[in-house]
Structures are given as structure tokens and as C-alpha cells.
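The values are calculated or read from the model by the stated rules, or taken from the named source; none is laboratory data. Every value quoted in this text rests on a predicted model; they were computed, and no experiment measured them. Because the Cβ atoms are built from the backbone with ideal geometry, glycine has one as well, and the counts that use them run over all protein chains shown. Note: accessible area is taken over every heavy atom of the protein model, side chains too, but ligands, DNA and RNA are not part of it. Shrake-Rupley method; radii C 1.70, N 1.55, O 1.52, S 1.80 Å.
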Amino acid sequence: MSNAQTRAVTELLRIAPVVDRLGRLFEKAGHELYLVGGSVRDALLGQLGHDLDLTTSARPDEIERLLRSFSRSVWTIGKAFGTIGCKVDEGGASWVIEVTTYRADAYEAESRKPIVEFGDTLEGDLIRRDFTVNAMAVSIPGKRFSDPYGGLRDLSEGVLRTPAPPEVSFSDDPLRMMRAARFTSSLGFRPAADVIAAMTAMADRISIVSAERVRDELSKLLLSDRPRAGLALLVLTGLADRVLPELPALRLERDEHHRHKDVFEHSLTVLEQAIDLERERFGEPDLVLRLAALLHDIGKPDTRRFEAGGKVTFHHHDVVGAKLARKRLTALRFPSEVVKDVATLVELHLRFHGYGDGQWTDSAVRRYVRDAGDQLPRLHILTRADCTTRNQAKAARLRAAYDDLEERIDVLAEQEELAAIRPDLDGQQIMAILGIGPGPQVGQAYRMLLEHRLEHGPASEDQARETLLAWWAARSS
């Protein structure tokens with residue numbers, strides 16, 4: 001271990017005396033305790049947070065007993081997997097600590113749930129971990145550094161290797177193949193050649209992993225700072241064909257005249273540009289926006305048509321793409337709100353291109369805002385990010401046009417409360433003016449007034465009353 005890395009581990013233990021106290025508690029009870037996995041890796045990278053992972057020779061019941069004497073906040077939700085957690089406030093910080101019995105998880109050939117087996121040695125626990133950079137440990141309170149599988153070397157070289165042969169590691173838990181893609185993005189590491197080969201050969205094995213676990217791993221990948229590399233690895237190895245087949249389908253062959261872009265590369269660029277704008281406007285990662293950026297063109301393969309003269313069209317790929325996004329995200333068990341919001345953005349991502357040179361009427365601007373609803377801030381980003389042309393003059397024109405549209409939206413919003421567009425009369429007022437009770441006629445009147453509001457802007461109550469009565473009279477004649 002280098003002097004810098006030694007200092008990193010020493011600093012970790014110095015700023016977290018809570019760990020030393022816990023170590024002495026376990027030592028007094030006759031158990032080994034090690035800081036392990038991502039906590040050691042992050043400490044060596046100088047990125048330690050306040051979530052600490054530890055492993056121990058103690059069994060789950062004993063861990064729970066010891067932690068309850070150590071903290072007032074203890075949870076046992078992961079006890080079946082050997083994990084007990086607690087929270088400790090100390091030194092001006094809140095430490096979230098999870099302690100897990102030495103273990104070795106494995107999947108049977110067709111099972112979607114891992115078989116949990118508790119182990120007896122640290123080395124046995126470490127060899128069953130996903131990657132060598134996560135298979136290092138520091139004894140507590142003795143501060144002895146353990147690295148039986150060369151994790152420190154791989155950390156310094158930025159390489160992802162598995163402690164056991166990758167075929168064994170990925171067979172034990174196939175989700176580790178997706179985790180390799182995530183670490184490729186979040187850590188900036190490169191997978192070793194044998195890791196890539198095993199991922200490619202074993203891609204079908206991911207099918208035994210639950211949709212929820214796949215969803216969570218995909219989300220973590222997308223929320224990393226540089227998701228492009230991990231997504232490209234999923235496509236390269238064939239994993240994307242199993243978990244997100246719409247993505248590799250975007251690798252459309254160019255037509256003979258080279259009239260359209262590589263849609264896969266375009267989508268990755270849109271995602272990167274959306275992330276840059278997201279940082280400026282939101283300040284933090286946004287999963288809905290990133291999913292929409294990645295998936296905004298997935299309707300293109302199904303709508304591609306070659307026309308006379310070599311022209312390529314993708315008519316209605318926005319509508320088709322929204323349906324495909326809804327279907328895929330539902331299959332991956334994303335929350336219904338996420339599914340709805342992503343589908344809305346995909347369906348609306350082309351709407352701006354009808355804006356032209358700012359010739360939209362106020363009515364068209366209102367409808368744009370109405371249709372986007374609470375997704376308008378994300379739609380602003382997605383639409384801007386979708387410009388990947390290398391023609392700088394064209395790019396400048398598109399930026400200026402969207403600047404103009406946003407300015408018009410802001411002006412109308414100040415004048416008309418666009419964020420809450422609704423008819424100038426509510427249902428109770430409609431019934432009172434027309435002298436009718438609840439029923440379909442009230443809904444019809446409400447929709448008519450909404451269309452009038454979108455087309456002409458806000459009206460006074462008297463004006464809205466006249467419009468309603470005129471509509472009612474025309475219906476009755």
C-alpha cells in the first residue's frame with residue numbers, strides 16, 4: 001500500500017472513531033470485524049461518505065444484539081441476508097452502518113433469488129465479492145489491511161477484475177455483469193478482457209435476475225457522471241439485448257447515401273448534453289430526464305422508411321417511441337409516475353420543431369405548456385439536448401428559436417398563470433349558469449371552455465358566461 005493510500009485508510013479511521021468503538025464491542029464479544037467493500041475502496045480514492053459497510057464472523061442474531069447495545073436506531077430488513085443496520089450520530093455527522101455476516105451468495109441455474117450461505121473466514125467472504133476493488137478489508141480496531149486478491153493494484157490501474165474467475169463470479173450473481181457496466185461509468189474503470197469475454201458469453205444468465213434488481217442497477221448506471229461508457233459496454237456484450245433491447249436496436253445501418261445519423265451514438269450524445277444542462281438548471285441528477293434522453297428516439301427503428309432519392313424518414317417515431325418506452329419501463333418495474341413522465345417527454349420531444357421562426361400563435365404556446373404540464377422544465381432540457389448537428393449555424397438558429405419560445409412562455413406565464421391552465425368557470429359555476437345537474441353535459445361544457453381559454457387566453461367571468469350561454473344555445477337550436 002502506498003503512503004497516500006495508507007494515509008487515506010488512517011484518515012478514515014481517525015474521522016470515524018465510531019468504527020473503533022464498534023470494533024472493540026465486537027472484539028470483546030469474541031468476533032472479528034472488518035471495514036470492507038466500497039467503504040475501503042472509496043476511502044482509498046478519497047471519496048468516503050458516511051455510509052459504512054462492515055463484515056464480521058458473528059451471525060445475524062449476535063450482530064443485532066451487539067448493535068442494539070450500540071445504537072438506538074437499528075433495522076433488520078436485511079437480516080435474512082445476514083445484514084443488520086444502524087444509525088449513529090457522532091462528531092457532527094450521521095453514520096449509517098451496515099454489518100453483514102461473512103457470506104457467499106449464489107444462484108441456482110433457474111432461480112431468481114440468491115441462496116444465502118454464511119461463511120467462516122474473511123478470505124472466503126472476499127473471494128465471493130463482485131470485483132477485486134471491492135474485495136479489500138481493514139480490521140477493526142486492529143487496522144490491519146487485507147487484500148488477498150490484488151484489489152489495490154487494480155484500483156491504482158483502474159481495472160475491473162473479479163476475485164474468482166469471472167465465469168464463477170457472474171454465475172454466482174449475474175447482476176454483477178451489469179454492475180461492471182455501472183462501475184465502468186461511475187469509477188471510470190475499464191473491464192479486464194476476461195471480464196468482457198465472460199459478460200458476452202453469459203449475457204443470457206441475466207434473465208434469472210429479477211426485473212427490480214435490473215432496474216435498480218440500470219438506474220444507478222444512468223445516474224452516474226459518465227453513463228455513456230457503461231451503456232456502450234451493455235450493448236457491446238449483448239446484455240442490453242436482454243434488459244433494454246430498444247437500445248442496441250438504435251444501431252441502424254446507414255443508408256447508401258449516408259443521409260441519417262447513427263441513432264445509438266446520437267442518443268448517447270443527447271444524454272450527455274442533457275446531463276450538462278441538467279447540472280446547470282437542476283443541480284442534481286434526474287432519472288426521468290436521463291431515461292427520456294436515452295430513449296427519446298427508440299421509435300425510429302420501427303418507423304424508418306426509405307423514400308425516393310434515398311431520403312430516410314421516421315414519421316411518428318415520437319408517438320411510437322412513447323408507447324415502447326412505456327412498455328419497457330413497465331416491464332422493468334419502474335414506478336408508474338416515472339413511466340408516465342418519461343413517455344410524455346418522449347412523445348413531446350419533437351413538438352418544438354414545428355416552431356419554425358417563431359410563428360407559433362399564443363394559442364400554440366399555451367397548448368405546448370398545457371401538454372407538457374409539470375414536465376415542462378425537463379422538456380426544455382431534452383429539446384435543447386436533442387440538437388447534435390455539427391452545422392454550427394443550424395445549431396445556433398435552433399438555440400435562438402428555443403430561447404425565443406422560452407421567453408414567450410415566461411411572458412405568457414406572467415400574464416396568464418400558464419402553469420395552471422383551466423377554464424374560466426368551474427363545474428359548479430357551469431351547472432348554476434345552465435341550470436343543470438351533474439352529468440356528461442357539464443364535462444362537455446368544461447372542455448369547450450378549456451379549448452376557448454387555450455385559443456383566446458383568459459377571460460373575465462362575464463365573458464366566460466357569455467361564451468358558455470352562446471355554446472349552450474347553439475347546441476339547443
Within the stretch 185-250, which helices (runs of 4 or more DSSP H) (wholly inside it) include 1 or more residues that are surrounded by fewer than 20 Cβ atoms within 10 Å (Cβ to Cβ) and over 19 Å from the mean Cα position of the chain (by Cα)? 193-201, 227-237
Considering only residues that are open to solvent by 20 Å² or more (accessible area, probe 1.4 Å) and in contact with an Asp or Glu (Cβ under 7 Å, 6 or more places away or on another chain), which ones fall in the stretch 134-171? PRO141, PRO148, ARG161
Restricting attention to strands (runs of 3 or more DSSP E) lying wholly within the stretch 91-172, give those where 2 or more residues are closer than 21 Å to LEU44 by Cβ and at pLDDT 90 or above. 93-101, 137-139
Among residues belonging to the stretch 28-52 that are open to solvent by 50 Å² or more (accessible area, probe 1.4 Å) and at pLDDT 95 or above, point out the one that is farthest from PRO141 (Cα to Cα). GLY30
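Among residues belonging to the stretch 321-379 that are in a loop (DSSP other than H, G, I, E, B) and closer than 16 Å to ILE409 by Cα, point out the one that is nearest to the chain's Cα centre (by Cα). Walk me through how you get there before you give the answer.
At the first step, the residues of the stretch 321-379 found to be in a loop (DSSP other than H, G, I, E, B) are 332-335, 349-350, 355-361.
Now drop any that are not closer than 16 Å to ILE409 by Cα, which leaves 355-361.
Working: TYR355: 30, GLY356: 33, ASP357: 35, GLY358: 34, GLN359: 36, TRP360: 34, THR361: 36 Å.
Applying the filter and picking the extreme gives TYR355.
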Condition test on VAL339, is it hydrophobic (A, V, I, L, M, F, W, C) and either touching a Ser or Thr at 6+ places or on another chain (Cβ under 6 Å) or open to solvent by 40 Å² or more (accessible area, probe 1.4 Å) (or both)? yes
Taking the stated definitions as given, is LEU291 crowded, with 16+ Cβ neighbours inside 10 Å and either out of contact with any helix residue (DSSP H, G or I) (no Cβ under 6 Å at 6 or more places or on another chain) or assigned to a helix (DSSP H, G or I) (or both)? yes
Yes or no: the stretch 442-452 includes at least one residue that is surrounded by 11 or more Cβ atoms within 10 Å (Cβ to Cβ), modelled with pLDDT of 80 or more and charged (D, E, K, R). no
Of the residues that make up the stretch 314-325, is at least one surrounded by fewer than 16 Cβ atoms within 10 Å (Cβ to Cβ) and among the acidic types (Asp, Glu)? no
Looking only at the stretch 380-436, count how many residues are hydroxyl-bearing (Ser, Thr, Tyr), open to solvent by 30 Å² or more (accessible area, probe 1.4 Å) and modelled with pLDDT of 85 or more. 0
